[in-house]
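Notes follow the structure.
The values are calculated or read from the model by the stated rules, or taken from the named source; none is laboratory data. What you are looking at is a predicted structure, and each value in this text was computed from that prediction instead of being measured. Here Cβ is always computed from backbone atoms with ideal geometry, including for glycine, and neighbour counts include all displayed protein chains. Surface accessibility is based on the protein's heavy atoms, side chains included, excluding ligands, DNA and RNA. Shrake-Rupley method; radii C 1.70, N 1.55, O 1.52, S 1.80 Å.
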Amino acid sequence: MLRLILMRHAKSDWSHAGLGDHARPLNKRGRASAKALGYWMRSKEYWPDEVLCSTAERTGETLLRLDFNPPLNTRFVSGLYHAEAEEMLGILHGAQSACVLMIGHNPGICEMANRLVEAPPSHERFFDYPTAATLVCDFDKTDWRDVTWFSGEDVDFVIPRELIAEK
């Protein structure tokens, strides 16, 4: 059994004039969202063995603020920066661990989520995948290279607004 935790980066800060897209950090809401997601993941025991993360500042900061301790086995992959779903699946095929956290960007991550699960979660925000939206899905496989479109089973889906509202 393989598990993928597919996360869009948290909300980024657009207030830095002249800062390129790749270098944008998280804003205050994004930092709070990432922290809430980390708490949610730990409370649900969604503990990844491996992380595949875009090289953008906002994805790295999202990962850092999830606050996993000890640090996770992480690979920063430039190919995940604004990748399309096909590219993301190709990168996932190179994963080595049973539970993988992948952090990326829209629109590719939304398309990937929609194409991975056999049946989508009944959540009104799944099809637009807002910032920090997170899907947990399982695959009845033992090798990531065998994961194909529409072969995943939805386990959980959350957006940070729900988590922060619970506090």
- Message: Considering only C-alpha atoms, what is the centroid distance from the range 73-88 to the range 1-35, in Å?
- Response: 15 Å
- Cα-projected label distance for ASP140 with ASN106, points at 7 Å along beta-carbon direction, nm: 3.3 nm
- Note on the structure: Asserting the computed 222 nm helical MRE of the chain (DSSP H runs at least 4 long, -39500 (n - 2.57) per run, divided by residue count, to nearest 500) equals -9000 deg cm²/dmol
- Share of the range 1-160's accessible area from carbon and sulfur, percent, 1.4 Å? 49 percent
- Query: For the range 1-104, rounded, prolate or oblate, judged on the Cα gyration tensor with a ≥ b ≥ c (square roots of eigenvalues), a/c < 1.5 rounded, else prolate if a/b > b/c?
  - Reply: oblate
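Please go through the range 105-151 and write out the trypsin sites (Lys or Arg not before Pro) that DSSP classes as loop and that have at most 15 other C-beta atoms within 10 Å.
Values: sites: ARG115, ARG125, LYS141, ARG145; in loops: ARG125, LYS141.
Filter output for the range 105-151: ARG125, LYS141.
Quick one: divide the alpha-carbon radius of gyration of the range 44-167 by 2.2 N^0.38 Å and tell me what you get.
Numbers: Rg = 13.7 Å, N = 124, 2.2 N^0.38 = 13.7 Å.
Computed over Cα atoms of the range 44-167, the ratio equals 1.00.
Would you mind finding the longest exposed-site-free stretch of the chain, with exposed GluC sites (Glu not before Pro) meaning DSSP loop and at most 14 other Cβ atoms within 10 Å? Could the numbers behind the result be given before it?
Details: sites that count: GLU45, GLU84, GLU118, GLU124.
The answer is 1-44.
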- Query: When ligands, DNA and RNA are left out and all protein chains stay put, how many square angstrom of accessible area per residue does the chain have with a 1.4 Å probe?
  - Reply: 49 Å²
